[in-house]
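Only one structure is covered here, and it is reproduced in the block below.
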Amino acid sequence: MSAAWRWRLVGLGALVGAVLLAVLVAWFLHTHERVERELPLPPQGEAAVNPLYALRQALRADGIEAQTRQALQPERFADAPGDTVLLYGDPSAIAIRDVNAVLAWVARGGHLLVRTPPPGLDGDDVPPPLLRRLGIGGELRSTRCETLLVEGEESHVEFCRGRRFELDEAARVRLRWGDEEHGYAWARLAHGRGSVDVAADFDFLDNEALDEVPHQALARQLLAPNYGRGQVHLVHSPRAVSLWRELLRRGWPVWLPLALALAAWLWRRGQRFGPWLPSPAADRRSLLEHVRASGELLYRYGQAPALHAAARQAFLARLQRRDPAAAALAGDARIAAIAQRLELPHMTVRDALTAPEPRDRHAFFARVRTLIQMRNRL
């Protein structure tokens, strides 16, 4: 084939490939559609440690001045009876001095939101002092869900992880949610000129939960008494981020291969499953092992000449059977006949038939080795 035809075929192949590629691209663009997806990222910065970060930002966007902090600090709102204070954490941790200050502030017109102690923190079912002074009596009840219906939204359940409470007869109840049989999940109590909302849980106010419309509506109802009148103080305990939990959740591409490699190394180096004690050694009847052990014992106790004599005698016995004429000779004549028959140097045969010095280890092993080789050649 000429060079011109070859170039024509190459050009034709390139043209066919380009047409096929264009058809493939056109088919892909016709049958596929570009779609954008939004993936939520894990919280970072303050949002990772402040569970009320989204609530604060939502209040500020609505024109309400809101502040978040980790300590109650009643002196910061003592002179502002129109403010609202949300105690997100366990009310059992509040000191008596702060309890008195907060209740005095509520009596002047403040609005306090507080929850019952979370389950499992301690074995005490008695309400803490703050709740008892508000009319929460009896014992704290077990957890139970309440159905939340918001128009245009799917049915929700709330307060599933919080402990319910009982109300005393002296409690000045404005609103309540629950019943006497199973306890109440939420109640709005009057205290002086102010009000206190007691809830079983505030999990619907978390950053992850506040993006749902029913939770927004419920949060707006709880904040209603002083909404728009003053500041909102959001008091939360710092949410500690566990290093081990983060390593377990995010670091698995590193620790999982390392764990598998460690398990493989332990399996390779470890003992196999079996009894604690090794099996007793079975009886052996190998004659060669006994002979070898006897030879090692004799050599250890200085009987090397006797061992050489036994090897020499074994060679001469076979020589007597295979070549009686050479065996009948003596001295240099027998050495010459053996060297000629076995095709070995004369000095090698002489050294092998001569007993070595008792302490010459190398000469002993060399001469015994030569006698065995000579015996095998016969």
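Shape analysis of the stretch 103-163 places it in the oblate category; the axes a ≥ b ≥ c from the Cα gyration tensor give an a/c of at least 1.5, with a/b not above b/c. Using a cutoff of 8 angstrom between alpha carbon atoms and counting only pairs six or more residues apart, the relative contact order for the stretch 33-102 works out to 21 percent. Once the Cα atoms are used to define both axes, helix 3-31 deviates from the longest principal axis of the chain by about 40 degrees. Annotation: Arg176 carries an accessible surface of approximately 120 Å², with a 1.4 Å probe and no ligand, DNA or RNA atoms counted. The overall shape of the stretch 1-127, judged from the alpha-carbon gyration tensor, is prolate: a/c is not under 1.5, and a/b is greater than b/c. Measuring between their Cα centroids, the stretch 183-251 and the stretch 63-126 lie 12 Å from each other. To the nearest ten degrees, helix 213-222 and the longest principal axis of the Cα atoms of the chain are 50 degrees apart. Selection among Pro253, Gln57, Leu287 by position relative to the dipole of the chain gives Leu287 as farthest towards the positive end (Cβ unit charges, Cα centre). For the pair Val10 and Arg300, label points projected 7 Å from Cα toward Cβ lie 8.3 nm apart. Highest mean first, the peptides 9-16, 95-102 sorted by other C-beta atoms within 10 Å per residue fall in the order 95-102, 9-16.
Rounded to the nearest 0.05, what FRET efficiency do Gln221 and Leu247 give with R0 = 45 Å and r taken as the Cβ-Cβ distance? Could you check?
With a Förster radius of 45 Å, E is 0.65.
Using helices alone, what [θ] at 222 nm do you get for the chain, with -39,500 (n - 2.57) per DSSP H run of 4 or more residues, divided over all residues and rounded to the nearest 500?
Values: 13 runs with 165 residues, N = 378.
Computed ellipticity for the chain at 222 nm equals -14000 deg cm²/dmol.
Considering only alpha-carbon pairs that sit under 8 angstrom and 6 or more positions apart, the relative contact order computed for the stretch 57-164 is 21 percent.
Using the Cβ-Cβ distance between Ala264 and Asp90 with R0 = 41 Å, the FRET efficiency computed as 1/(1 + (r/R0)^6) comes to roughly 0.35. For a paramagnetic label modelled at 7 Å from the Cα of Arg172 toward its Cβ, which residues of the stretch 85-113 fall within the zone defined by backbone nitrogen distances under 11 Å? Residues 107-109 fall inside that zone. Rounded to the nearest 0.05, the FRET efficiency derived from the C-beta distance between Arg69 and His32 at R0 = 41 Å is 0.20. Between the Cα long axis of helix 287-300 and the first principal axis of the chain there is an angle of about 80°, rounded to the nearest 10. Considering only chymotrypsin sites (Phe, Trp or Tyr not before Pro) in DSSP loops that have at most 16 other Cβ atoms within 10 Å, the longest stretch of the chain without any of them is 1-226. Solvent-accessible surface of the chain, averaged per residue with a 1.4 angstrom probe and all protein chains in place: 67 square angstrom. Full extension of the segment from Val25 to Gln373, taken as 0.36 nm per residue of separation minus the current Cα-Cα distance, would add 117.1 nm. Taking Cα pairs under 8 Å and at least six residues apart, what relative contact order does the chain come out at, in percent? Relative contact order here is 16 percent. Our estimate of slack between His346 and Glu46, defined as 0.36 nm per intervening residue step minus the Cα-Cα distance, is 98.2 nm.
The values are calculated or read from the model by the stated rules, or taken from the named source; none is laboratory data. Since the structure is predicted, the reported quantities are computational estimates derived from the model, not experimental observations. Virtual Cβ from ideal backbone geometry, glycine too; neighbours counted across all protein chains shown. Only protein heavy atoms, including side chains, enter the accessible area calculation; ligands, DNA and RNA are left aside. Shrake-Rupley method; radii C 1.70, N 1.55, O 1.52, S 1.80 Å.
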